[in-house]
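The values are calculated or read from the model by the stated rules, or taken from the named source; none is laboratory data. Being a predicted model, the structure only gives us computed values, none of them experimental. Glycine gets a Cβ as well: all are built from the backbone with ideal geometry, and neighbour counts include every protein chain shown. The area values use the complete protein model at the heavy-atom level, side chains included, leaving out ligands, DNA and RNA. Shrake-Rupley method; radii C 1.70, N 1.55, O 1.52, S 1.80 Å.
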Amino acid sequence: PEQLLIATPDKPNANMLVRLPLPLNDTDSEYPALMVANHLLGAGGSSRLWKRIRESQGLSYDVRSQVDWSSIDRNSIWQASAIFAPQNRAKVEAAFREELTRALTDGFTAQELAEGKASLLNFRQLARAQDTGVAFTLANNLFLGRTFAIQAQDDAAIGQLTLEQVNAALRKYVAPDRLVLVFAGDFK
């Protein structure tokens, strides 16, 4: 864990990047649950990070979290990012940490889970309806020796997830005391 400040003189915007290695890949049994937990936390327009930092407090131009899933090694990366005015650094960090802590402590709600699963499944279906998404997935599946059946299995698993599984996956893998936070900006 570490926090770094990088000076970028005369830049109008600042950036936050948070990273955490995960000992998982996209074939692990907890992959669907952590994918949904991340979606609820910061991957959608109704995610907690977006609602709090962008919409409610107006601190950031963009805020999100994502998992860069490895398909081979058990070495994926969870990350969060935000773009903001440099004078808002402390407020963005505080709001980010508070929302992450709230998600870990209180968990998500049943309504968030139902809406999040529907949203994520819709997003995945839409990606498979676009030529570039199909081509990318087909090439990736060929490289990995997979078929589109894996996507169907993942969709089915997402649809069957319980609130307890989603909350448990977030609590198991996203640890605030292991985060690397980097802030780059003109912090005068």
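What is the one condition in (1) within 12 Å of the chain's Cα centre (by Cα); (2) under 23 Å from Leu161 (Cα atoms); (3) open to solvent by 10 Å² or more (accessible area, probe 1.4 Å); (4) not charged (D, E, K, R) that Ser81 does not satisfy?
The number of the failed condition is (2).
Check off (1) touching a helix residue (DSSP H, G or I) at 6+ places or on another chain (Cβ under 9 Å); (2) assigned to a loop (DSSP other than H, G, I, E, B) for Ala129 and give me the number that stays unchecked.
(1)
Here are Ser70, Ser65: which of them is under 22 Å from Glu164 (Cβ atoms), open to solvent by less than 30 Å² (accessible area, probe 1.4 Å) and of a type in the set (S, T, N, Q)?
Exactly one of Ser70, Ser65 is under 22 Å from Glu164 (Cβ atoms), open to solvent by less than 30 Å² (accessible area, probe 1.4 Å) and of a type in the set (S, T, N, Q), namely Ser65.
I'd like the full set of residues that are closer than 15 Å to Arg52 by Cα and of a type in the set (A, V, I, L, M, F, W, C), limited to the stretch 71-98.
Once the filter is applied, which keeps residues that are closer than 15 Å to Arg52 by Cα and of a type in the set (A, V, I, L, M, F, W, C), the stretch 71-98 yields Ala80, Ala82, Ile83, Phe84, Ala90, Val92, Ala94, Ala95, Phe96.
Anything in the stretch 147-167 that is open to solvent by 50 Å² or more (accessible area, probe 1.4 Å) and in contact with a Ser or Thr (Cβ under 9 Å, 6 or more places away or on another chain)? List them, or say none.
Residue satisfying the conditions is Phe148 alone.
Quick test for you: out of Ala80, Ala114, Ala118, Ala103, pick the one residue that is on the phi < 0 side of the Ramachandran plot, touching a Lys or Arg at 6+ places or on another chain (Cβ under 9 Å) and in a helix (DSSP H, G or I).
Ala103
Count, please, the residues in the stretch 120-178 that happen to be within 30 Å of Glu2 (Cβ to Cβ) and at pLDDT below 95.
Looking only at that region, the number is 0.
Is it the case that the stretch 108-117 has a residue that's open to solvent by less than 40 Å² (accessible area, probe 1.4 Å), out of contact with any Gly (no Cβ under 8 Å at 6 or more places or on another chain), among the aromatic types (Phe, Trp, Tyr) and within 14 Å of Gly42 (Cα to Cα)? Quick ask: steps written out before the conclusion?
If we filter the stretch 108-117 for residues that are open to solvent by less than 40 Å² (accessible area, probe 1.4 Å), which is where we start, we get 108, 113, 116-117.
Next, only the ones that are out of contact with any Gly (no Cβ under 8 Å at 6 or more places or on another chain) stay: 113.
Keeping just the survivors that are among the aromatic types (Phe, Trp, Tyr) gives none.
No: the stretch 108-117 contains no residue that is open to solvent by less than 40 Å² (accessible area, probe 1.4 Å), out of contact with any Gly (no Cβ under 8 Å at 6 or more places or on another chain), among the aromatic types (Phe, Trp, Tyr) and within 14 Å of Gly42 (Cα to Cα).
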